[in-house]
Amino acid sequence: HALTLLAAASASADNPQSVSVLDLFAGSGVANRLLTMSGFHVTSVDLYVSASDVGLDTTATSTGLWLRADARAVLDRKSPLIERDFDVIGLDPPHSELVELLFGAEGADSLARLCARRSKLLVLYQGHSTQRGRLDLVFKGLLEAGWLRQAVLQVEEELIVLAATEGTGEATFEALVQRIVDDVRLW
C-alpha cells in the first residue's frame, strides 16, 4: 500500500513539494516515512497510534504531520480537524471497518464519500489476494461515494484499489494508473 501511495503521489505532479497526501489509518508509519523522505507533504492519521509509537519525529523541519485522531473527525463535514483538500488520499483501514468505510453508518456520510469531497485520487488497500471476492462490494461502495473511475492493482499478494472522482477523464485516469503501475514495477 505504501509503495503504491508513493507512486500515486509521484504521478500527481513533477514537484513533490507541491503534492499533499492524506494517509488515513497510518499504523506503522511506513507510508509517512516513504512520502516524507521523497519530499511530499503528508498528513498521517491514526486513532490508536502516535508518531512516537512508530519512531517518527514530526518536528517543524519535517514535511510530515501526524494526528492521533479518528479519520472521520479529520474530514467531518460540519467541523473537520483539517479544512483543506489533498492531491491524494491513502486508506489502509482495518478489515473490520471496510463496510462502514464504504457505506457509512446510518445517517452519516461514509469515509469514502468524505474523501471524495477532499481529493480526486484515492489509494485504498483492499486486502490480500485471497479476499478478491469482496472487490465487487468495494467498487460498488466507491462508486456510490463518488469515485467514478476505478482500477485494481495486485502488488505481490496485496490488492490495491485506485479510484478517481468525476474530475478525472477516462484517458487521464488510464494514463495515471499506467504510470503508477510502471513506478511500482520499477521500484
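The values are calculated or read from the model by the stated rules, or taken from the named source; none is laboratory data. Treat the numbers as computed from the prediction; the structure is a model and nothing was measured. Cβ coordinates were reconstructed from backbone atoms using ideal geometry, including for glycine residues, and neighbour counts include every protein chain displayed. Only protein heavy atoms, including side chains, enter the accessible area calculation; ligands, DNA and RNA are left aside. Shrake-Rupley method; radii C 1.70, N 1.55, O 1.52, S 1.80 Å.
Of note:
- The HN-Hα couplings worked out from phi for segment 80-86 by the Karplus form 6.51 cos²θ - 1.76 cosθ + 1.60 (θ = phi - 60°) are x, 5, 10, 10, 7, 9, 10 Hz, whole numbers, x standing for Gly and Pro.
- Mean silhouette area of the chain, derived from the convex hull of its C-alpha atoms and averaged over all directions, reads 10.3 nm².
- Cα-based shape type of segment 77-187, given that a ≥ b ≥ c are square roots of the gyration tensor eigenvalues and the cut on a/c is 1.5: oblate
- Potential extension, R117-D85 segment - 0.36 nm per residue separation minus Cα distance: 10.7 nm
- Computed helical MRE - 222 nm, the chain, DSSP H runs ≥ 4 contributing -39500 (n - 2.57), nearest 500: -9500 deg cm²/dmol
- Of the chymotrypsin sites (Phe, Trp or Tyr not before Pro) found in segment 19-123, those in coil by DSSP whose Cβ has at most 14 other Cβ atoms within 10 Å are Y48.
- Each of the GluC sites (Glu not before Pro) that DSSP puts in a loop and that has at most 14 other Cβ atoms within 10 Å breaks the chain; the longest unbroken stretch is 1-82.
- Formal net charge of residues neighbouring A2 (Cβ-Cβ distance under 9 Å; K, R +1; D, E -1): -1
- In the context of the full set of protein chains, residues of the chain present 49 Å² of accessible surface per residue (probe radius 1.4 Å, heavy atoms only).
- In nm, spacing of pseudo-spin labels at E158 and L143 (7 Å Cα→C-beta vector): 2.7
- Solvent-accessible area, 1.4 Å probe, carbon plus sulfur percent, for segment 4-45: 53
- Rg and Dmax of segment 1-73, Cα atoms only, in Å: 11.4, 34
- Environment charge of G141, counting only residues whose C-beta is closer than 14 Å and scoring Lys/Arg +1, Asp/Glu -1: -2
- Pairwise label distance in nanometres, S96 with Q17, each label 7 Å out on the Cα-Cβ vector: 4.4
- The trypsin sites (Lys or Arg not before Pro) of segment 78-143 meeting both criteria, a DSSP state outside H, G, I, E and B (loop) and at most 15 other C-beta atoms within 10 angstrom of the site's C-beta, are K78, R84, R117.
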